[in-house]
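Contents: one structure, followed by commentary.
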Amino acid sequence: MDKLTKEQRSWCMSRIRSKNTKPELVVRRVLTKMGYRYRLHVDKLPGKPDIAIAKGKIAIFINGCFWHQHKGCRRQSLPKTNIEYWHKKLERNVRKQKEDIKTLGKLGWNPVKVWECQTGDEKYLVNKFKRLFS
């Protein structure tokens with residue numbers, strides 16, 4: 001049973017952002033420090049990647065572990081209420097992103113996922129991007 005009323009839950013959910021999230025800002029800061037130029041939320045690309053680097057044709061998706069069901073992550077769990085709704089919603093998020101990544105690959109782009117839990121370690125991100133751009 002949810003501890004919040006329907007109105008309280010609605011208010012809380014309305015505060016969840018899809019752009020300029022903390023994980024996204026961390027990744028952008030790392031890329032900027034490394035000297036890479038990028039575009040944000042390119043709606044001309046499938047899936048509207050959070051960051052697109054045209055020079056290397058790299059599309060970066062910064063995924064929330066809950067919203068995109070990061071396997072093995074502690075943040076991946078399902079809510080205890082309205083289970084059927086959440087299962088369908090989150091499964092749809094995962095399926096849609098898989099399709100978008102496949103389409104980007106066919107267009108010659110290199111899609112990359114960065115998980116929310118990975119953004120706490122800037123050294124990890126620097127190494128990931130160095131490998132990606134080399």
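Hey, any hits in region 23-39 for a residue that's in contact with a strand residue (DSSP E or B) (Cβ under 8 Å, 6 or more places away or on another chain) and farther than 17 Å from Lys128 by Cα? Can you show your working first?
Taking region 23-39 as the starting set, the residues that turn out to be in contact with a strand residue (DSSP E or B) (Cβ under 8 Å, 6 or more places away or on another chain) are 23-24, 27-28, 31, 36-39.
Those still in the list that are farther than 17 Å from Lys128 by Cα too: 39.
Yes: one or more hits.
Among the residues of region 68-88, which ones are surrounded by 12 or more Cβ atoms within 10 Å (Cβ to Cβ), more than 20 Å from Pro49 (Cβ to Cβ) and not polar (S, T, N, Q)? I'd like the intermediate steps shown before the answer.
So in region 68-88, the residues surrounded by 12 or more Cβ atoms within 10 Å (Cβ to Cβ) come out as 68-70, 73, 75-76, 78-79, 81-82, 86-87.
From the residues that got through so far, the ones that are more than 20 Å from Pro49 (Cβ to Cβ) too are 73, 75-76, 78-79, 81-82, 86-87.
Listed by number, the residues that qualify are Cys73, Arg75, Leu78, Pro79, Trp86, His87.
Restricting attention to region 86-134, which residues are among the small types (Gly, Ala, Ser), on the phi < 0 side of the Ramachandran plot and not in a helix (DSSP H, G or I)? Explain how you work it out, then say what you get.
Looking only at region 86-134, we keep the residues that are among the small types (Gly, Ala, Ser), and these are 105, 108, 120, 134.
Remaining after also requiring on the phi < 0 side of the Ramachandran plot: 105, 120, 134.
Of everything in region 86-134, just one residue is among the small types (Gly, Ala, Ser), on the phi < 0 side of the Ramachandran plot and not in a helix (DSSP H, G or I), namely Ser134.
Determine whether Asp100 is within 22 Å of Arg29 (Cβ to Cβ), touching a Leu at 6+ places or on another chain (Cβ under 9 Å) and either surrounded by fewer than 13 Cβ atoms within 10 Å (Cβ to Cβ) or of a type outside the set (Val, Ile, Thr) (or both).
Working: within 22 Å of Arg29 (Cβ to Cβ): no; touching a Leu at 6+ places or on another chain (Cβ under 9 Å): yes; either surrounded by fewer than 13 Cβ atoms within 10 Å (Cβ to Cβ) or of a type outside the set (Val, Ile, Thr) (or both): yes.
No, not satisfied.
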Pull up region 1-31, narrow it to residues that are surrounded by 11 or more Cβ atoms within 10 Å (Cβ to Cβ), more than 17 Å from the chain's Cα centre (by Cα) and part of a loop (DSSP other than H, G, I, E, B), then point me to the one that is modelled with the lowest pLDDT. Asp2
The one condition Thr81 fails out of (1) of a type in the set (Ser, Thr, Tyr); (2) assigned to a loop (DSSP other than H, G, I, E, B); (3) touching a Lys or Arg at 6+ places or on another chain (Cβ under 8 Å) is (3)
Residue match in region 47-54 (condition: under 18 Å from Phe133 (Cβ atoms), assigned to a helix (DSSP H, G or I) and touching a residue at least 40 places away in the same chain (Cβ under 8 Å)): no
Identify, by number, the condition in (1) in a strand (DSSP E or B); (2) over 22 Å from Lys123 (Cβ atoms) that Ile62 doesn't meet. (2)
Residues satisfying the stated conditions in region 45-56, i.e. modelled with pLDDT of 95 or more and more than 20 Å from Arg92 (Cβ to Cβ): Ile51, Ala52, Ile53
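Which one of these is polar (S, T, N, Q) and within 28 Å of Asp43 (Cβ to Cβ): Asn82, Asn93?
Values: Asn82 fails: within 28 Å of Asp43 (Cβ to Cβ).
Residue meeting the stated conditions: Asn93.
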Subset tally (residues that are exposed (fewer than 11 other Cβ atoms within 10 Å of the Cβ) and charged (D, E, K, R)) for region 34-51: 3
Take the residues in region 57-93 that are modelled with pLDDT under 95 and of a type in the set (A, V, I, L, M), then tell me which one is nearest to the chain's Cα centre (by Cα). Leu90
Subset of region 56-96, residues among the hydroxyl-bearing types (Ser, Thr, Tyr) and either in contact (Cβ under 8 Å) with a residue 60 or more places away in the chain or within 26 Å of Leu107 (Cα to Cα) (or both), comes to Thr81
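The values are calculated or read from the model by the stated rules, or taken from the named source; none is laboratory data. The structure displayed is predicted, hence computed values, not measured ones. Note that we place each Cβ from the backbone using ideal geometry, even for glycine, and neighbour counts take in every protein chain shown.
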